Amino acid sequence: MENNKITNILVVGIGGQGVMTATEILAKSAIELGHDAKKTEVAGMAQRGGVVSSHLRFGNKVLSPQIAVGDADILLAFEAAEGLRWKHMLKANGVALLNTTKLSPPVVELGLFEYPDDPIAKIKDAGIKTISFDATSIAKEIGDIKLGNTVMLGAIADYLPFSAEVLLQEILQRFANKGEAVLEKNKTAFEKGRQAVK
């Protein structure tokens, strides 16, 4: 991804997974480096585990926060079926980074939609470059399921048009007042996210 073009990132998942926080951290990292950045957020009952999507666009000059269909460089899916639902947004050479954890949104629990069989295989079958990993298990191993957000940010770090260090510093700044133990856990989660996609 060259610096003179706009980078389009679509972050999707289920409410409570940290989709909006992750997008905000990515946007702040881009702004820190002098990029113009715009984001949108769509939350369907996010606080109750509804589906959440957030568009982020950054570059020299960004006019609209909305990513057009087929224009996303990266699809960062905190939940695999949500990744499948949004795969049409990726450009031909785009990449899907997917958390393998299955979380059924209320629409599935209510019987309005059926959870797809093997959503990751379906994304791969569509010819999309797909990298999947279990961010939730990684977070649990470190000792806090909430670290799944930082694992996901670690996973996207090496696909961005700026250094992973910039993103990590933005994460650490966000938790600066939480004490050394929290910072160390976030550093570990970030590194494990990077390793998971290599």
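The values are calculated or read from the model by the stated rules, or taken from the named source; none is laboratory data. Every value quoted in this text rests on a predicted model; they were computed, and no experiment measured them. Cβ placement follows ideal geometry from the backbone for every residue including glycine, while neighbour counts extend to all protein chains displayed. Ligands, DNA and RNA are stripped out before the accessible areas are found, and what is left, the full protein with its side chains, is counted by its heavy atoms. Shrake-Rupley method; radii C 1.70, N 1.55, O 1.52, S 1.80 Å.
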Inset, instruction - Would you mind stating whether residue 42 is assigned to a helix (DSSP H, G or I), surrounded by fewer than 18 Cβ atoms within 10 Å (Cβ to Cβ) and of a type in the set (Val, Ile, Thr)? - result: no
Inset, instruction - Tell me which residues, restricted to the stretch 56-94, are among the β-branched types (Val, Ile, Thr), open to solvent by less than 50 Å² (accessible area, probe 1.4 Å) and touching a helix residue (DSSP H, G or I) at 6+ places or on another chain (Cβ under 9 Å). - result: 67, 74
Legend entry - Among the candidates 139, 135, 181, 155, residue that is open to solvent by less than 20 Å² (accessible area, probe 1.4 Å), over 30 Å from residue 35 (Cα atoms) and not aromatic (Phe, Trp, Tyr): 139
Legend entry - Number of the exception - residue 168 against (1) in contact (Cβ under 8 Å) with a residue 24 or more places away in the chain; (2) buried (at least 19 other Cβ atoms within 10 Å of the Cβ); (3) within 15 Å of the chain's Cα centre (by Cα): (1)
Inset, instruction - Select from the stretch 94-117 the residues that are out of contact with any Phe, Trp or Tyr (no Cβ under 9 Å at 6 or more places or on another chain), closer than 18 Å to residue 76 by Cα and of a type in the set (D, E, K, R) and list them in ascending order. - result: none
Legend entry - Subset of the stretch 11-35 (residues that are within 11 Å of residue 150 (Cα to Cα) and part of a loop (DSSP other than H, G, I, E, B)): 17, 18
Legend entry - Residue tally, condition surrounded by fewer than 17 Cβ atoms within 10 Å (Cβ to Cβ) and under 14 Å from the mean Cα position of the chain (by Cα), over the stretch 95-132: 2
Inset, instruction - Considering every residue within the stretch 105-116, establish whether at least one is touching a residue at least 60 places away in the same chain (Cβ under 8 Å) and over 17 Å from residue 156 (Cβ atoms). - result: yes
Inset, instruction - Tell me, please, whether a residue that is at pLDDT 90 or above, out of contact with any Lys or Arg (no Cβ under 8 Å at 6 or more places or on another chain) and hydrophobic (A, V, I, L, M, F, W, C) can be found in the stretch 36-48. - result: no
